[in-house]
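First the structure, in the form of structure tokens, and then the observations on it.
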Amino acid sequence: MRTDSVQKVTIETLVEAMQQPGGVFILDVRNREDYDAWKIESHHVTSRNIPYFDFLEEDERLFSDLPQDRPIYTVCAKGGSSEYVAQILSEKGYHVYSVSGGMEAWSQYYHPQIVYEDEKLKLVQFIRLGKGCLTYMLMSEGEAMIVDALRRVDFYEAYAEKEGVTIKHVIDTHIHADHISGGQKLAERVGATYYVSSHDVFEHGGSMRFEPLEKHSTLRVGSVEVDVIVIPTPGHTPGSTSLLIDKRFFLSGDTVFVSGLGRPDLGGRVEEWARDLYRTVSQKLSDLDDAVWVLPAHYAHFTEINEDGIVGAKLGELRRFNELLREMDEDVFTKAVEASASTERPPNFDKIIAINVGKLSVTPEDEIELEIGPNRCAVHHATA
Amino acid sequence: MNVQEIVAKADLVVDASGLGCPMPVVRAKKGIDTLQSGQIMVLKATDRGSLKDVPAWVQQTRHTLEEVVEGDGEYIFVVRKG
């Protein structure tokens, strides 16, 4: 087997190609079950699944679906099988690239996208395309705040260095159940303060160093007037907190998503938390202007990425499309949220919480393994 | 039946321990091609991906997956050639 002739590309290169006119053709060679559960999806992605072991038989029919006039990107779990299949295709004359690291690398890739920039502030959204997690970096006058950092903290450090800013505040809007937080580690490495709600930490019997977020009503980033107003928003977890930046950008954590509301069922007290969520939605959010941008900590589907490449929407738009943000009868609201609650947990959710509150420590390899797969934190729009 | 007994009954043992995807299935395919219908191949693998991939591969062939033994980071697949 000659593997030297196979051209390999990184996830970054694949994402760049995904943004070009015409998009990309992906041949995913994992088994059907894994493909159906989780795959690379985006606007402008055409995807086919042919397991690599199908290529062990000389069957010409396999190739009938594959394009000869455009590049094929082969993807598998870690990059071994995609290379194997790329070799076979390359020998048949196809223009093919094997994506290095496969779905594991896809799960670990964060894509930076500028939400807004003027002379006063710059707000960047990091989109974890493989999992639907979002991190934010607010910069002003050489200072930065990072919200909902993921485990690859070197990524944010490099970005801050490139921007020439010092990270002062690192915040988790809540204790995450679906991915490993990089918040505490990042804060330690750069000498910043790590904030999270103590309600969430104590809920899970945590033991780590943190600054209680609920003690602060305002945080400052830069010398310019950039107020960060802490708005406790229980519902998803009892200590969930949202941030309102400069009265214009509402970092909603897992409370309000572009496609719906946060799941109040992850802690097992659905009705009680659904009522908390109701109070949040009816009282806290109703004060906010329609023009405020809602920027969540997660998204459930790539269609939530808008034409500017960010996950977010103006509150007015969300109010138009999501009746839960308008329906203000408490019982109707609670019933709708309860009905959409599910017993499905994010994979490994107990262990991930234990890691995020400092009760458990695992190897980096195990961390990657624990959080691989899609995100399941959002309740969909109740009618969807 | 323990692993020794399984291996003793095999017509062919393919050891893909330590090999990553796709090699366990590639070796298994090469191995089973040398057997007669009804004979038994035992495949040893350590790659976690093989736990799903080997059954999925066997399902598309005329062979039968008779048994899967999991333990100690090693997976043993017993495949009867169809």
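When you go through A:His169, A:His174, A:His95 one by one, which is the residue that is closer than 24 Å to A:Leu370 by Cα and in contact with a strand residue (DSSP E or B) (Cβ under 8 Å, 6 or more places away or on another chain)?
A:His174
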For B:Val69, are the conditions met, namely being away from chain A (no Cβ under 12 Å), touching a residue at least 40 places away in the same chain (Cβ under 8 Å) and outside any loop (DSSP other than H, G, I, E, B)?
-> yes
What are the residues in region A:23-41 that are under 22 Å from the mean Cα position of the chain (by Cα), in a loop (DSSP other than H, G, I, E, B) and surrounded by 17 or more Cβ atoms within 10 Å (Cβ to Cβ), if any?
-> A:Trp38, A:Lys39, A:Ile40
Output the residues belonging to region A:46-69 that are of a type in the set (D, E, K, R), under 15 Å from A:Lys92 (Cβ atoms) and surrounded by 14 or more Cβ atoms within 10 Å (Cβ to Cβ).
-> A:Asp54
Selection count, region B:11-34, where residues are surrounded by 18 or more Cβ atoms within 10 Å (Cβ to Cβ), away from every other protein chain (no Cβ under 11 Å) and outside any helix (DSSP H, G or I) = 2
Could you please find all residues in region A:145-168 being among the aliphatic types (A, V, I, L, M), under 23 Å from A:Ser252 (Cα atoms) and over 20 Å from the mean Cα position of the chain (by Cα)?
-> A:Ile167
Under 6 Å by Cβ, and 6 or more places apart or on different chains, what pairs join a residue from region A:138-157 that is small (Gly, Ala, Ser) with one that is part of a loop (DSSP other than H, G, I, E, B)?
-> A:Ser140/A:Leu121; A:Ser140/A:Val221; A:Ser140/A:Gly222; A:Ser140/A:Val224; A:Ser140/A:Val226; A:Gly142/A:Val165; A:Ala144/A:Val165; A:Ala149/A:Gly182
So, of the residues in region A:240-259 that are buried (at least 24 other Cβ atoms within 10 Å of the Cβ) and among the small types (Gly, Ala, Ser), which turns out to be modelled with the lowest pLDDT?
-> A:Ser240
(1) assigned to a helix (DSSP H, G or I); (2) among the hydroxyl-bearing types (Ser, Thr, Tyr); (3) touching an Asp or Glu at 6+ places or on another chain (Cβ under 8 Å) all hold for A:Ser47 apart from (1)
Residues of region A:26-51 satisfying the condition of being of a type in the set (Gly, Ala, Ser) and within 12 Å of another protein chain (Cβ to nearest Cβ) | A:Ala37
Residue within region A:111-125 that is crowded, with 21+ Cβ neighbours inside 10 Å, touching a residue at least 24 places away in the same chain (Cβ under 8 Å) and closer than 24 Å to B:Gly49 by Cβ present | no
Going through region A:85-103 in order, the residues found to be buried (at least 24 other Cβ atoms within 10 Å of the Cβ), touching a helix residue (DSSP H, G or I) at 6+ places or on another chain (Cβ under 9 Å) and outside any strand (DSSP E or B) are A:Val85, A:Gly102, A:Met103
Only residues that are farther than 14 Å from B:Val3 by Cα and not in a loop (DSSP other than H, G, I, E, B): list them for region B:41-66, please.
-> B:Ser50, B:Leu51, B:Lys52, B:Asp53, B:Val54, B:Pro55, B:Ala56, B:Trp57, B:Val58, B:Gln59, B:Thr64, B:Leu65
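The values are calculated or read from the model by the stated rules, or taken from the named source; none is laboratory data. Nothing here was measured: the structure is a model prediction, and the numbers come from that model. Note that we place each Cβ from the backbone using ideal geometry, even for glycine, and neighbour counts take in every protein chain shown.
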